[in-house]
Amino acid sequence: MGGFFGAVSRRDVVLDVFFGTDYHSHLGTRNAGMVIWGRENGFNREIHSIANSPFRTKFEKDLDTFQGTSGIGCISDSDPQPLLVRSHLGLYAITTVGQINNIEQLVSRFFSDPGHQFMAMSSGRVNMTEFVAALINESDSMIDGIRSMQQLIDGSMTILIMTDKGEIIAARDRFGRLPVLVGTNRDGYCVSFESFAYHKLGYDDVYELGPGEIVRINADGYETLSPANEEMKICAFLWTYYGYPNSNYEGKNVEVMRYRNGEIMARDEMINGTFPHVDYVAGVPDSGLPHAIGYANHSGSHFARPFVKYTPTWPRSFMPANQGERDQVAKMKMIPVPELIEGKKLLFVDDSIVRGTQLKGTVDFLYESGAAEVHMRSACPPIMYACKFLNFSRSNSDRDLLARSIILELEGPEGEKYIEEYADSHTERGKCLLHTICEQLGFDSLGYQSLEGLLEAIGIDREKICTYCWTGKE
């Protein structure tokens with residue numbers, strides 16, 4: 001994943017870009033960068049790895065070197081960026097969030113002649129942001145280039161560009177899989193993924209880009225350079241998992257949706273007679289907590305926190321590159337509250353179950369701490385397909401996903417013909433999937449939110465929501 005923030009103003013914007021970008025740190029843990037533009041000194045850029053240190057600590061020392069009235073910053077889980085690009089379209093800074101599945105085919109198609117080259121990453125891959133800029137530069141104008149690039153790529157691409165005039169051009173992915181919002185204050189404008197990021201900086205909501213829309217922003221206002229498309233497929237996981245609680249997308253608040261989602265899960269379990277008798281309902285920190293609050297409130301159960309996470313030194317458990325180290329960090333972070341665990345029947349709600357590796361450790365930890373029963377609920381349906389648009393699931397293959405690996409174990413490749421049945425807990429195959437996961441991970445019971453329940457909780461037109469990771473349908 002990743003996120004970005006930009007601002008253009010009649011005053012210095014360095015601190016706005018610094019704090020606005022920092023407020024997107026929940027979206028990525030690998031690289032980050034800032035570019036500031038000033039009329040006298042032009043562009044000034046810094047990029048740092050944030051794999052083992054937060055954004056703030058890496059960029060605080062750079063603040064004295066920055067000065068300007070325009071700037072963009074990014075948090076990136078892919079390549080180092082923003083990049084500075086010089087072409088016939090001028091000198092500009094660019095940052096991107098997305099995924100290109102056909103990048104090798106496009107490189108061969110457009111740039112295989114002797115006149116083109118790319119700086120390769122250590123793995124030999126092309127920097128995705130550099131490649132996006134190369135595609136844009138194939139056209140005679142920036143806007144035509146962005147539109148052409150969006151049509152060529154298989155995947156998703158949301159872009160922020162800052163020109164050598166200090167203007168910002170924001171382009172939302174053509175299906176609007178991620179949000180892009182514009183805020184304003186008395187001195188200028190900003191653009192952001194997360195609305196709370198600019199609210200904290202004194203900006204007010206002014207505009208939300210539509211799918212595929214391209215907007216130019218300067219200190220005096222914003223204008224649409226290319227209109228929005230009609231079709232939208234915004235990612236449902238914005239609400240269930242990686243969106244920040246304070247944020248709103250398409251007019252729907254993240255935290256409110258999560259409460260509602262938990263309520264719907266409890267409502268349906270009570271109707272179906274699958275609601276277990278437990279002492280406490282709890283959430284797997286952090287994004288599982290509001291789903292659990294909604295579940296507890298509707299079911300009339302007591303909400304509790306049987307364990308808390310110790311985060312001052314390791315705020316994100318997947319920061320280390322090594323899986324064994326990540327698992328150990330996750331274990332070290334979990335601090336039990338014995339009085340709420342020993343001899344207790346517990347029901348936990350997690351935002352999702354992807355590969356299940358850390359969840360198995362959590363269950364073992366709870367039993368080791370004296371729990372009598374551990375029931376698990378997922379706030380979304382079984383994930384059957386690795387995301388091909390935003391790569392939030394971090395899986396290289398569908399078969400890395402817990403549900404798919406269980407299907408392969410039960411029926412081999414033949415079972416993949418029946419994914420829809422396995423995803424439905426009312427079918428025999430669906431019940432078998434739940435039973436097998438319970439056996440392997442040690443749950444006393446397991447339940448998944450239905451796709452219908454999830455879409456009801458989000459509350460916008462269902463045709464406008466991407467559900468690819470559950471259905472495999474674009």
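The values are calculated or read from the model by the stated rules, or taken from the named source; none is laboratory data. Every value quoted in this text rests on a predicted model; they were computed, and no experiment measured them. Here Cβ is always computed from backbone atoms with ideal geometry, including for glycine, and neighbour counts include all displayed protein chains.
With respect to Gly166, is the statement that it is touching a strand residue (DSSP E or B) at 6+ places or on another chain (Cβ under 7 Å), part of a loop (DSSP other than H, G, I, E, B) and either crowded, with 16+ Cβ neighbours inside 10 Å or modelled with pLDDT under 90 (or both) true? So Gly166 fits the description; yes.
Kindly state which strands (runs of 3 or more DSSP E) lie completely within the stretch 18-133 and contain at least 2 residues that are touching a strand residue (DSSP E or B) at 6+ places or on another chain (Cβ under 8 Å) and among the β-branched types (Val, Ile, Thr). Before the answer, list the steps.
Working: elements: 31-38, 42-49, 70-76, 83-87, 90-100.
Of the strands (runs of 3 or more DSSP E) lying wholly inside the stretch 18-133, those with at least 2 residues that are touching a strand residue (DSSP E or B) at 6+ places or on another chain (Cβ under 8 Å) and among the β-branched types (Val, Ile, Thr) span 31-38, 70-76, 90-100.
Test Ile234 against the criterion of being touching a Cys at 6+ places or on another chain (Cβ under 9 Å) and of a type in the set (A, V, I, L, M), and give yes or no. Spell out how you get there, then give the answer.
Working: touching a Cys at 6+ places or on another chain (Cβ under 9 Å): yes; of a type in the set (A, V, I, L, M): yes.
Criteria met by Ile234.
When the criteria are applied in full, Asn102 fails the requirement of being under 24 Å from Glu167 (Cα atoms) and surrounded by fewer than 24 Cβ atoms within 10 Å (Cβ to Cβ).
Would you call Glu339 at pLDDT 95 or above and either touching a Cys at 6+ places or on another chain (Cβ under 6 Å) or in a helix (DSSP H, G or I) (or both)? Spell out how you get there, then give the answer.
Working: at pLDDT 95 or above: yes; either touching a Cys at 6+ places or on another chain (Cβ under 6 Å) or in a helix (DSSP H, G or I) (or both): yes.
Yes, satisfied.
Within the stretch 407-423, the set of residues being in contact with a helix residue (DSSP H, G or I) (Cβ under 7 Å, 6 or more places away or on another chain) and within 17 Å of Gln440 (Cα to Cα) comprises Ile407, Leu408, Leu410, Tyr422. Considered as a group, the residues in the stretch 47-82 that are closer than 19 Å to Phe193 by Cα and of a type in the set (A, V, I, L, M, F, W, C) include one that is modelled with the lowest pLDDT, and that residue is Phe55. Scanning the stretch 452-474 for residues that are charged (D, E, K, R) and touching a Pro at 6+ places or on another chain (Cβ under 9 Å) returns a single hit, Lys464. Scanning the stretch 1-17 for residues that are under 25 Å from Ile100 (Cα atoms) and in a loop (DSSP other than H, G, I, E, B) yields a single hit, Met1. Quick one: what pairs do we get from the stretch 405-417, first residue assigned by TED's automatic domain parsing to the domain that holds Gly430 and buried (at least 17 other Cβ atoms within 10 Å of the Cβ), second part of a helix (DSSP H, G or I) and of a type in the set (Gly, Ala, Ser), C-beta under 8 Å, 6+ apart or different chains? Listed pairs, sorted by first residue: Ile407/Gly415. Of all the residues that make up the stretch 245-280, how many are in contact with a Lys or Arg (Cβ under 6 Å, 6 or more places away or on another chain) and acidic (Asp, Glu)? Residues in the stretch 245-280 being in contact with a Lys or Arg (Cβ under 6 Å, 6 or more places away or on another chain) and acidic (Asp, Glu): 1 in total. Mind checking whether some residue in the stretch 402-421 is in a loop (DSSP other than H, G, I, E, B) and modelled with pLDDT under 95? No.
Might you let me know whether the stretch 37-52 holds any residue that is among the small types (Gly, Ala, Ser) and on the phi > 0 side of the Ramachandran plot?
Quick first cut of the stretch 37-52, residues among the small types (Gly, Ala, Ser) only: 38, 42, 49, 51.
This time we only want the ones that are on the phi > 0 side of the Ramachandran plot, so: 42.
Yes: one or more hits.
Just name the residue that is nearest to the chain's Cα centre (by Cα) out of those in the stretch 349-382 that are modelled with pLDDT of 95 or more and more than 20 Å from Arg305 (Cβ to Cβ). The selected residue is Cys380.
Residues checked against (1) touching a Leu at 6+ places or on another chain (Cβ under 8 Å); (2) assigned to a loop (DSSP other than H, G, I, E, B):
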site: Phe196; (1), (2): no, no
site: Thr240; (1), (2): yes, no
site: Tyr244; (1), (2): no, yes
site: Asp286; (1), (2): no, yes
site: Gly294; (1), (2): no, no
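A single entry from His116, His24 fulfils the requirement of being assigned by TED's automatic domain parsing to the domain that holds Pro179 and surrounded by fewer than 17 Cβ atoms within 10 Å (Cβ to Cβ): His116.
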